[in-house]
1. Just name the residue that is farthest from the chain's Cα centre (by Cα) out of those in the stretch 56-77 that are in a loop (DSSP other than H, G, I, E, B) and not charged (D, E, K, R).
2. Determine which member of the set 174, 109 is touching a strand residue (DSSP E or B) at 6+ places or on another chain (Cβ under 9 Å), in contact (Cβ under 8 Å) with a residue 12 or more places away in the chain, under 25 Å from residue 234 (Cα atoms) and not aromatic (Phe, Trp, Tyr).
3. Checking the conditions here, which among 80, 31 is in contact (Cβ under 8 Å) with a residue 60 or more places away in the chain and under 17 Å from the mean Cα position of the chain (by Cα)?
4. Among the candidates 101, 88, which residue alone is within 27 Å of residue 262 (Cβ to Cβ), touching a residue at least 12 places away in the same chain (Cβ under 8 Å) and exposed (fewer than 15 other Cβ atoms within 10 Å of the Cβ)?
5. With (1) touching a helix residue (DSSP H, G or I) at 6+ places or on another chain (Cβ under 9 Å); (2) closer than 17 Å to residue 218 by Cβ; (3) outside any loop (DSSP other than H, G, I, E, B) as the list, and residue 174 as the residue in question, which single condition is left unmet?
Amino acid sequence: MRRIWHNGVSYFVFEHLAEQPSLAHAVFTRHGGVSAPPFDTLNLGGTVGDAPEAVKENFRRATAALDIPPERTATSWQVHSARALVLDRPNHEQRPPPQADILLTNTPGVWLTMRFADCVPIFLYDPAHHAVGIAHAGWRGTLAGAARAAVAAMGEAFGCRPADLLVGIGPAIGPCCYRVGPEVVGAFHRAFGDVACAWWRQTERGGLYLDLWEANRWQLAVAGVRYIEVAGLCTADLRHDFFSHRAEGGRTGRFGAIIGLRQSHG
């Protein structure tokens, strides 16, 4: 990924997605906002205890960095599912937003947004059908097959072929830091069989550490996706750049992710 600064706001873009002229996207860091600790500073999570006026200003700054009107955004209430939702219009004012962890659109000027603090952001773009998607996959979403569900939903909604998709797996807690208990280990082995053995790491600290990056990359590859860029940035290790629910004891903000099509995509 490549880092960009805009008026104090810091965000990352995927190299292969940044080359697409019809597309705009970003994975924001925690830099460039107005929130006070422990939400410092670019917190986009409205349900974590931060001041609403600070979150609103942070969102204005984030969208301004991409030259996007905040009222043209669309989002969901993330519930750790594999449910997909096609959005053809903004829902910025809807309270509460619809429940889903996969958002899709082929409508230019509708900007899909989600929030993260260790879970995996997955970006999808089909240059053949001019369609985009974003998915939120923590361990529950990964177990539910959110990555594969996103690919399938792109096909069902827009006729996208997996081989045409350009996909990015964004910053999330890495296998260096994501220790899980036996109930999670057992659930993954029941769902995926022996292939899940490749997703565990052991360290000198003991216990098993889950590789969410690889588990989601595998799901995408099995679904037929050929072009996958993995950020390899651990949110728990890089707490100076990202919010981390695990590393910060649950008292922290959420960094944002946005993807959408420009109005003049051709």
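1. First, pick out the residues of the stretch 56-77 that are in a loop (DSSP other than H, G, I, E, B): 66-69, 75-76.
Checking the rest, the ones that are also not charged (D, E, K, R) come to 66, 68-69, 75-76.
Numbers: 66: 17, 68: 18, 69: 20, 75: 12, 76: 12 Å.
Here the residue is 69.
2. Values: 109 fails: under 25 Å from residue 234 (Cα atoms).
The match here is 174.
3. Details: 31 fails: under 17 Å from the mean Cα position of the chain (by Cα).
Criteria check complete, one pass: 80.
4. Values: 101 fails: exposed (fewer than 15 other Cβ atoms within 10 Å of the Cβ).
Matching residue, one of 101, 88: 88.
5. (3)
Here's the yes/no breakdown for (1) surrounded by fewer than 21 Cβ atoms within 10 Å (Cβ to Cβ); (2) not hydroxyl-bearing (Ser, Thr, Tyr):
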site: 168; (1), (2): no, yes
site: 175; (1), (2): yes, yes
site: 180; (1), (2): yes, yes
site: 186; (1), (2): yes, yes
site: 197; (1), (2): yes, yes
site: 203; (1), (2): yes, no
site: 225; (1), (2): no, yes
site: 255; (1), (2): no, yes
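Bear in mind that the values in this text are calculations on the coordinates, not laboratory data. Since the structure is predicted, the reported quantities are computational estimates derived from the model, not experimental observations. Ideal geometry is used to build each Cβ from the backbone, glycine not excepted, and the neighbour counts take in all protein chains shown.
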